[in-house]
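Here is the structure we will look at.
Coordinate-derived values only; no laboratory data. Just so it is clear, the structure is predicted and the values come from calculations on it, not from any experiment. All Cβ positions, glycine included, derive from the backbone under ideal geometry; neighbour counts span all protein chains shown.
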Amino acid sequence: MTEVKNKYETVLVLSVKLGEEGSAELVEKFKALIAKHGTVESVDDWGKRRLAYPINKETEGYYTLINFESTPDFTAELDRRYKITDGVIRSIIIKKDPRFANAAAKPRKAAEPKPIDVEAVAAEAVDAKEESAAE
């Protein structure tokens with residue numbers, strides 16, 4: 001039987017105490033782990049950002065978004081590894097909805113502006129003005 005693979009995205013918030021080099025090493029470690037059990041589609045490093053609220057007395061963290069494809073059972077293992085790794089402040093793994101997977105890849109066309117019938121607009125304005133004058 002073929003293995004079912006789903007698309008996922010995960011966001012990691014790493015401690016500032018690790019420094020840029022330490023956080024980059026940790027991201028590489030998780031990328032290698034994901035690549036071992038699936039395929040890494042993209043990695044987006046958002047850099048150092050302020051947290052919405054203090055977590056463990058920290059107010060900033062290094063954010064990284066990883067898009068990947070793997071089997072559903074691997075996500076439980078990945079989440080477990082996030083929880084036991086020092087330096088990971090927060091993490092989340094989200095399964096992407098396959099109905100909308102192609103929607104993000106396709107650029108949308110800009111809506112064509114509708115031509116304005118100037119004569120009709122002018123006629124409506126004249127009618128409105130006449131009605132208000134008659135009252």
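Points to keep in mind about this one:
- At 1.306 mPa s and 10 °C, Stokes diffusion of the range 41-95 via Kirkwood alpha-carbon radius, µm² per second: 125
- Exposed-loop-free span, longest in the chain, where trypsin sites (Lys or Arg not before Pro) count as exposed if DSSP calls them loop and at most 15 other C-beta atoms lie within 10 Å: 6-56
- Helix 72-84 vs. the chain, principal-axis angle (Cα, 0 to 90°, nearest 10): 70
- Assigned charges on the beta-carbon of Lys, Arg, Asp, Glu; the chain dipole about Cα centre (debye): 1080
- Rounded to whole Å, the principal axis extents of the Cα atoms in the range 6-105 read 39, 26, 20, largest first.
- Greater than 29 Å apart at Cα, pairs in K7/K57; K17/K83; K29/K96; K5/K57; K5/K48: K7/K57; K5/K57; K5/K48
- Acute angle (nearest 10 degrees) that the helix 118-134 long axis makes with the longest principal axis of the chain, alpha-carbon atoms: 60
- Rounded tilt (10° steps) of 19-37 against the dominant C-alpha axis of the chain: 90
- Computed over neighbours whose Cβ is under 10 Å from that of K7, the net charge equals -1, Lys and Arg +1, Asp and Glu -1.
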